[in-house]
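The values are calculated or read from the model by the stated rules, or taken from the named source; none is laboratory data. Just so we're clear, the structure is a prediction, and the values are computed from it rather than from any experiment. Positions of Cβ are generated from backbone atoms using ideal geometry, with glycine treated the same way; all protein chains shown enter the neighbour counts. Only protein heavy atoms, including side chains, enter the accessible area calculation; ligands, DNA and RNA are left aside. Shrake-Rupley method; radii C 1.70, N 1.55, O 1.52, S 1.80 Å.
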Amino acid sequence: MRATIRTSMVEGGVTAPPSKSYTHRALVCSALAEGRSIVHSPLICDDTEATLEALEKLGTQIHRGEDIDVNGGPLEEADLFCRESGTTMRFMTAVCSLIEGRSALTGGQSLLRRPIGGLVDALRQLETKCRCRNGFPPVTVEGPLKGGKTEIRGDVTSQYTSALLLAAPLAERQVAIRVTTPLQSRKYVLMTIKTQRQFGIEVEASADLDNFRVDTQTYRPTAFDVEGDWSAASLLLAAGAIVGSIEVAGVNPDSLQPDTAILSILQDMGSNVRVTRRAVTIEKSELSAVNFDVSQSPDLFPVVAALCASAGGISRITGTSRLRGKESDRVSAMREGLAAMGIRTWKNGEALLIDGRRASGADIDPKNDHRIAMAFGVLALAADGESVIRDAECVSKSFPTFWNSIKSIGANVEVTP
């Protein structure tokens, strides 16, 4: 599919979709709880479908509707295809360590390039049989998870730590986790702990989140409400900041989601932002260059780069080292697309500098990366002329309704096969 986008103004109200990260966590906790749980207002997208399919393969009974009913119970070995979802691969690797049989996990082409060796090594320290291919999927796992002490790096992905925490309560004995390098995207780990707490699990964590202790416990079935997704909201707010006046509803400004950082970024750039308990209103304004470290909120990088391309002056984005291991090399993908739109960028070590100016329409290859496609979809609204985003359907990985959402507030977008 191709999305053709022409210069637009946006106005009106739009609701952010549910959180992908919380949906993943709630589904896993529900499957680990014996009995019926309900996940209210889940996000249904390619990634969460991958988790649903994996849990069903492992023997969990799931009924899909407006809400998702999950009947947790004993899990059984299975071969799992995790699509392109890194969260599914890492969380399911840990879940499979709880099963006495042998499970195999693989996925699509880009997923096989995303690291998992650190998690495999950590599970081995907990006396699980686990192996992968040179640090990358496919993975084979055979439990049960015995427990004990393990170590994990914190600077590759926070999903390693979250995966261990999700499985740890069901180990045969206490699990102690030491994070050996500073934990990146630490709020995602706090989201995991918060979700577990709603299912009756207590995790003991140090103030710096470098040590965790989890006693043997039982997940308790519950009803879980999924809040709005700040990663998706950041794109909608960026559209308002660049070309209009909109209200984004369904988001909690006090959320643990790290992408709430978009609010401070927009304010630092000079945007007129008004925040209430359940909505954010933003109006177009002259944006100024900004310095921002994306190490704690890496999913914001593409949309922040798009905002910087629209701002006056030279912006500097740091903390980009982990962005090569996402669905694409996001720094290279953004630089290539920005160059096509007439925006000058250059690198200074791990920092990316962007010289903002009026963009020109261009043909963009998002490298089959949902966040790259959506970021250029936003920037194209302010560009001179017409832009085309190839492989536009890739947004279904996290925000299937993205093109319709921006069309609903006035974006001139046409999606064709």
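Among the candidates Ser21, Ser41, the residue that is surrounded by 24 or more Cβ atoms within 10 Å (Cβ to Cβ), polar (S, T, N, Q) and under 23 Å from the mean Cα position of the chain (by Cα) is uniquely Ser21. Residues in the range 66-92 that are basic (Lys, Arg) and in contact with a Gly (Cβ under 8 Å, 6 or more places away or on another chain): Arg83 only.
Selection of the range 385-417 for residues being buried (at least 16 other Cβ atoms within 10 Å of the Cβ) and either small (Gly, Ala, Ser) or free of Cβ contacts under 8 Å to residues at least 24 places away in the same chain (or both) yields Ser387, Ala392, Ser396, Ser398, Ser405, Lys407, Gly410, Ala411.
A quick yes/no check of all residues on (1) over 22 Å from the mean Cα position of the chain (by Cα); (2) over 18 Å from Gln196 (Cβ atoms); (3) open to solvent by less than 10 Å² (accessible area, probe 1.4 Å):
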residue: Ser30; (1), (2), (3): no, no, yes
residue: Glu34; (1), (2), (3): yes, no, no
residue: Glu49; (1), (2), (3): no, yes, no
residue: Asp69; (1), (2), (3): yes, yes, no
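Take the range 321-373 and flag every residue that is open to solvent by less than 30 Å² (accessible area, probe 1.4 Å), aliphatic (A, V, I, L, M) and either assigned to a loop (DSSP other than H, G, I, E, B) or farther than 15 Å from Cys308 by Cα (or both). Once the filter is applied, which keeps residues that are open to solvent by less than 30 Å² (accessible area, probe 1.4 Å), aliphatic (A, V, I, L, M) and either assigned to a loop (DSSP other than H, G, I, E, B) or farther than 15 Å from Cys308 by Cα (or both), the range 321-373 yields Leu323, Ala333, Met341, Ile343, Ala359, Ala362, Ile364, Ala373.
To keep it simple, each residue is scored yes or no on (1) part of a loop (DSSP other than H, G, I, E, B); (2) under 18 Å from Pro144 (Cβ atoms).
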site: Ile38; (1), (2): no, no
site: Pro42; (1), (2): yes, no
site: Pro74; (1), (2): yes, yes
site: Ser103; (1), (2): no, yes
site: Leu123; (1), (2): no, yes
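Say whether the condition of being open to solvent by 10 Å² or more (accessible area, probe 1.4 Å), over 17 Å from Pro144 (Cβ atoms) and assigned to a loop (DSSP other than H, G, I, E, B) is met by at least one residue in the range 83-98. Looking for residues that are open to solvent by 10 Å² or more (accessible area, probe 1.4 Å), over 17 Å from Pro144 (Cβ atoms) and assigned to a loop (DSSP other than H, G, I, E, B), one finds at least one in the range 83-98, hence yes.
Yes or no, residue by residue, for (1) closer than 22 Å to Gln184 by Cβ; (2) surrounded by 23 or more Cβ atoms within 10 Å (Cβ to Cβ); (3) at pLDDT 95 or above:
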{"site": "Glu100", "(1), (2), (3)": "no, no, no"}
{"site": "Gly108", "(1), (2), (3)": "no, no, yes"}
{"site": "Gly117", "(1), (2), (3)": "yes, no, yes"}
{"site": "Pro137", "(1), (2), (3)": "yes, yes, yes"}
{"site": "Glu142", "(1), (2), (3)": "no, no, yes"}
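Here Glu56 passes the criteria (1) in a helix (DSSP H, G or I); (2) charged (D, E, K, R); (3) in contact (Cβ under 8 Å) with a residue 12 or more places away in the chain; (4) open to solvent by 60 Å² or more (accessible area, probe 1.4 Å) except the one numbered (3). Scan the range 23-54 for residues that are within 20 Å of Ala171 (Cβ to Cβ) and either touching a His at 6+ places or on another chain (Cβ under 8 Å) or polar (S, T, N, Q) (or both) and the total you get is 1.
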